Amino acid sequence: MAIVDCAVYVEGARVHDAVSVEDAVSRAKRSTGFAWVGLLRPSDDELESVGSAFGMHALAIEDAMKGHQRSKLERYDENLALVVRSARYLESSETVEFGEIHLFVTPKAVVSVRLAEEPDLGTVRSRLEEEPRLLELGPRAVLYAVLDQVADSYEPVVAGLENDIDEVEDQIFGEEITAKVSRRIYALHREVIGFQRAVQPLAGVLDELRLLAATDETDIELRRLFRDVHDHVIRVGDRVDNFRSLLDNALSTHMALVAQRQTEASLAQNEQTKQISAWAAILFAPSLVGTIYGMNFHHMPELAWAWGYPFALGLMATLGGVLFGVFKHVKWI
């Protein structure tokens with residue numbers, strides 16, 4: 001069995017370390033407390049065994065078997081089944097890594113199923129065991145603590161994405177604009193969308209939990225705590241929405257700057273082409289005169305004329321000067 005930790009809590013204190021799921025169930029039923037079982041990557045058979053022991057609905061177990069679920073809340077009579085997604089930012093690759101947690105909450109037990117190493121719910125358990133007044137509120141207190149841990153995991157992701165977006169904005173207005181900037185913007189956009197898919201449904205889950213807590217007379221302090229986590233997730237969601245807008249604007253600005261640079265380069269090339277064409281025309285006119293009089297035919301006009309050579313040179317110079325003046329006037333040179 002892939003059990004990370006298994007214990008029974010009574011009046012906010014850890015009173016027994018269960019040796020098996022059956023032992024935890026038995027002791028929880030005989031006491032006024034509840035059992036908390038933590039599983040890491042259990043097999044399908046192990047999930048079915050735990051589900052049967054705690055009376056969890058088959059559909060909730062099936063979701064945990066499949067994995068890759070979006071954050072959601074399902075209610076089966078007095079039992080709750082939740083899926084939440086944690087997040088971790090990897091600075092080296094500028095990507096967001098997601099974890100998936102399935103929580104099954106009954107009046108006498110909490111079963112937490114992690115499908116990834118992160119987040120470490122051992123810290124959540126340790127924190128709660130140091131706060132007996134909160135832990136004595138029962139399974140819903142564990143549910144709050146896990147959701148709070150997940151919401152806290154979003155803050156470093158927000159900070160990492162914000163830093164990378166700031167760097168992208170600096171790159172956009174830098175001297176060198178390359179396709180690498182576009183690729184980075186697209187990659188960040190993909191990560192922001194994936195993060196948004198984790199955050200937005202969790203806000204809906206917390207909203208449902210608040211409504212549920214208001215109708216089933218959950219402790220007022222616990223309701224306040226759920227509201228605090230809900231507000232936290234809403235703030236993160238708003239910032240993520242802002243990130244998408246910033247990246248959309250960054251991409252539009254980058255494309256506009258690329259088009260502007262290409263236009264400037266094209267205009268510069270046109271100016272160079274005009275200059276080359278102008279000088280080619282200027283040099284072509286004297287070459288034409290020289291070519292005609294260099295054909296060495298016997299019967300050509302002005303071959304025996306004493307002023308023929310100076311006339312040819314003068315004609316070359318005159319044609320070149322006229323063309324130079326014309327191109328200078330139209331600003332080709």
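The values are calculated or read from the model by the stated rules, or taken from the named source; none is laboratory data. As the structure is a prediction and not an experimental result, all values here were calculated from the model. Cβ coordinates were reconstructed from backbone atoms using ideal geometry, including for glycine residues, and neighbour counts include every protein chain displayed.
Okay, residues lined up against (1) in contact (Cβ under 8 Å) with a residue 12 or more places away in the chain; (2) crowded, with 21+ Cβ neighbours inside 10 Å; (3) touching a Gly at 6+ places or on another chain (Cβ under 8 Å); (4) among the hydroxyl-bearing types (Ser, Thr, Tyr):
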position	(1), (2), (3), (4)
127	yes, no, no, no
130	no, no, no, no
147	yes, yes, no, no
154	yes, yes, no, yes
157	yes, yes, no, no
163	no, no, no, no
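Does the stretch 47-58 include one or more residues that are among the aromatic types (Phe, Trp, Tyr) and free of Cβ contacts under 8 Å to residues at least 40 places away in the same chain? Within the stretch 47-58, none of the residues are among the aromatic types (Phe, Trp, Tyr) and free of Cβ contacts under 8 Å to residues at least 40 places away in the same chain. Just one residue in the set 278, 285, 250 is crowded, with 16+ Cβ neighbours inside 10 Å, in contact with an Asp or Glu (Cβ under 8 Å, 6 or more places away or on another chain), modelled with pLDDT under 85 and at negative phi; that residue is 250.
Among the candidates 157, 192, which residue alone is modelled with pLDDT of 90 or more and in contact with a Leu (Cβ under 7 Å, 6 or more places away or on another chain)? Break it down stepwise before answering.
Values: 157 fails: in contact with a Leu (Cβ under 7 Å, 6 or more places away or on another chain).
None of the others qualify; the one that does is 192.
Among the conditions (1) touching a Ser or Thr at 6+ places or on another chain (Cβ under 8 Å); (2) at pLDDT 85 or above; (3) not hydrophobic (A, V, I, L, M, F, W, C), the only one that residue 74 does not satisfy is (1).
In the set 104, 98, only one residue is buried (at least 23 other Cβ atoms within 10 Å of the Cβ) and aromatic (Phe, Trp, Tyr); that residue is 104. Checking residue 83 against (1) within 24 Å of the chain's Cα centre (by Cα); (2) farther than 13 Å from residue 104 by Cα; (3) surrounded by 13 or more Cβ atoms within 10 Å (Cβ to Cβ), which single condition isn't satisfied? Answer for residue 83: the failing condition is (2). Which of the residues belonging to the stretch 1-58 are of a type in the set (Asp, Glu) and outside any loop (DSSP other than H, G, I, E, B)? The answer is 5, 17, 22, 23, 44, 45, 46, 48.
Would a scan of the stretch 141-164 turn up a residue that is part of a loop (DSSP other than H, G, I, E, B) and not aliphatic (A, V, I, L, M)? Reasoning before the result, please.
Initially, the stretch 141-164 is screened for residues part of a loop (DSSP other than H, G, I, E, B), giving none.
Among the residues of the stretch 141-164, not one is part of a loop (DSSP other than H, G, I, E, B) and not aliphatic (A, V, I, L, M), which makes the answer no.
Would you say residue 169 is part of a helix (DSSP H, G or I) and not aromatic (Phe, Trp, Tyr)? Spell out how you get there, then give the answer.
Working: part of a helix (DSSP H, G or I): yes; not aromatic (Phe, Trp, Tyr): yes.
The answer is yes for residue 169.
The one condition from (1) closer than 18 Å to residue 138 by Cα; (2) surrounded by 15 or more Cβ atoms within 10 Å (Cβ to Cβ) that residue 243 does not meet is (1). If you go through the stretch 1-48 and pick out every residue that is among the hydroxyl-bearing types (Ser, Thr, Tyr) and exposed (fewer than 15 other Cβ atoms within 10 Å of the Cβ), you end up with 3.
In this structure, is residue 110 in a loop (DSSP other than H, G, I, E, B), over 31 Å from the mean Cα position of the chain (by Cα) and either in the same structural domain as residue 193 (by TED's automatic domain parsing) or within 20 Å of residue 144 (Cα to Cα) (or both)? So that I can check it myself, show each step before the final result.
Working: in a loop (DSSP other than H, G, I, E, B): no; over 31 Å from the mean Cα position of the chain (by Cα): yes; either in the same structural domain as residue 193 (by TED's automatic domain parsing) or within 20 Å of residue 144 (Cα to Cα) (or both): yes.
Here the answer is no, as residue 110 does not meet what is asked.
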